[in-house]
Amino acid sequence: MTETGFGSHSPEGTVAEIRASVTAGRRSPRDIVDHSFARAAQVRAGADGLNAILWSDIAVAHNEAAALEPRLNGPDAPLLAGVPIVVKDNIATVGSPTTCGSRILAGYHSPFEATAVSRLRDAGAIAVGKTNLDEFAMGSSTEFSAFGRTKHPLDPRLVPGGSSGGSAAAVAAGITPAALGSETGGSVRQPAAFCGIVGVKPTYGRVSRYGLVAFASSLDQIGVFGAHVDDAAAVLQAIAGRDGLDATSSDAPVPDYGEYPPTLRGLVIGKPREYFPHQLDPRIADLCERALDRCRELGAAVREVSLPHTELAIPVYYIVAPAEASSNLARFDGVRYGLRVTDHGLRGMYEATRSSGFGPEVTRRILLGTYVLSAGYYDAYYAKAMRARTLIATDFDEVFRSGVDVLFTPTTPTTAFAAGSRTDPYQMYLSDIFTVTANLAGIPALSLPIGRIDGLPVGGQLLAPHFAEQRLLGVARLLEHSLGAEAHR
Ligand code: GLN
């Protein structure tokens, strides 16, 4: 393996350390920004570049840092004071482009900002860059961006996972301690697992989707990356909660994600047998067992459970998500946003714009989605997929009602794979096998590093009932502490 040395986390410190040093006046926000840019430049120069960041501007970041200065009054300073973050480029920001990794939106500037980004700024964070992604967040490798693929921070021949691969690689390479990504079917947890960091997909409705470019609206949710559980928890704290601009956002109260119990005593962890099939790489299974042993040492009981409809998840997801995408992406027509390719007449303009603006995977999804929604096929595919989706969600409800507090599974069936190695789309879709279920059910889920195979990170996944993020983060923190350095070797 080519060791590029970019795998070490956040040399500039954790979210809490940065906040503490900035509020105590030991470091200025500008100094933190410079540090982050220096790290990004170092990463760009080495190993022919990560290509994690599509846009950044140090002058803009310096302005944000300067604007923050008056708000840094000791203990009353905001939660993320001075913390640099990067934002996936399908989340709208003002003053920087929002491209979704697509030619059709190259150079597009949003007139408004996503609520999650505004809340991060209110909390004192500094957005230092927009990160690369698979076009319109469709993919699992960040190879399918119109602006080139993102590389894995530990080995440039490998993919960082996707679709939020730019955000994951930036955090893993130590450019920022935390980042925003988005999840429709695992796009935060899978790259977090591949890159050896923490990724959280909140409950559907926990975080406002206002300003997140829609892929599949019944599944989409903004998620967070952190070098450590605490980093991710702090960012989630800042962005969670009801937003009047997103009718699907929930008004359930947001608890203190910094609070967690001292042990796992009394907690029941379910181990779903469908996520440990006999074909599973035994080395991944062993690392999961080690993590479960740690949970037992911390006082938890581990119980084998079943989620019998799991095998339907990939086919169901790859009907529901393209169906919704085909409808959501109809707005990119050459009239309202971004690219316009003129051709004969209005219809010619639509066709030419969409044919040259969308890449092959996005086109495939639109075709697939249009097909499953079309008259005559709707019942056979889409309506049936929706019924199967309900069965998957019911599996989770039942297992949580039976006294299981959280579930533990591997996040992915493999470690990071080689770029160019998954040319068959179905092979690519299979990387989502353990992650799409949480999106279909709308429940929160988290991936954290639990060890390595041949030097490459392996993620363990925790799943919890709706709005139980606090429990999820608590278990993850205790497990992270218990594994210590073992999580990274
Ligand atoms: N890999 C999945 C897909 O291609 C999930 C993407 C996502 O979560 N945004 O659809």
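Every number in this text was worked out from the coordinates using simple rules, so none of it is lab data. As the structure is a computational prediction, the values presented were derived from the model and not from experiment. No Cβ is skipped: glycine too gets one built from the backbone with ideal geometry, and neighbour counts run over all protein chains shown.
Figures for the structure shown
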{"read-out": "Principal axes of region 28-174: Cα extent on each, largest first, Å", "value": "45, 33, 23"}
{"read-out": "Unit charges on C-beta of K, R, D, E only; dipole of region 285-367, Debye", "value": "440"}
{"read-out": "Stretchable slack from Arg336 to Tyr426, in nm (0.36 nm times residue separation minus alpha-carbon distance)", "value": "29.1 nm"}
{"read-out": "Debye, to nearest 20: dipole size of region 259-402, +1 on Lys, Arg Cβ, -1 on Asp, Glu Cβ", "value": "280"}
{"read-out": "Student exercise, the chain dipole from Lys, Arg, Asp, Glu Cβ charges, in Debye to nearest 20", "value": "340"}
{"read-out": "Reference-scaled alpha-carbon Rg (2.2 N^0.38 Å with N residues) for region 415-489", "value": "1.29"}
{"read-out": "Normalised convex hull volume, region 332-379, alpha-carbon set, Å³ per residue", "value": "85"}
{"read-out": "Percent of alpha-carbon pairs separated by more than 19 Å within region 379-465", "value": "51"}
{"read-out": "FRET efficiency estimate (nearest 0.05) - Cβ-Cβ, Leu367 to Glu304, R0 41 angstrom", "value": "0.50"}
{"read-out": "20 Å reach of a label modelled at Thr394, 7 Å along Cα-to-Cβ, counting backbone N of region 215-238", "value": "none"}
{"read-out": "More than 16 Å apart - percent of Cα-Cα pairs taken over region 307-399", "value": "61"}
{"read-out": "Estimated 222 nm signal from helices in the chain, with DSSP H stretches of n ≥ 4 weighted -39500 (n - 2.57), rounded to 500", "value": "-11000 deg cm²/dmol"}
{"read-out": "Ordering of 182-195, 241-254 by packing [mean C-beta count within 10 Å, highest first]", "value": "182-195, 241-254"}
{"read-out": "Estimated FRET transfer efficiency when R0 is 51 angstrom, pair Ala285-His62 (beta carbons, to 0.05)", "value": "0.55"}
{"read-out": "Rounded if a/c under 1.5, otherwise prolate or oblate - region 141-182, Cα gyration tensor axes", "value": "oblate"}
{"read-out": "Principal axis dimensions, the chain - Cα atoms, whole angstrom, descending", "value": "66, 54, 47"}
{"read-out": "Cβ crowding within 10 Å averaged over residues, with 34-41, 459-466 ranked highest first", "value": "459-466, 34-41"}
{"read-out": "Cα centroid separation, region 345-373 to region 103-127 (Å)", "value": "27"}
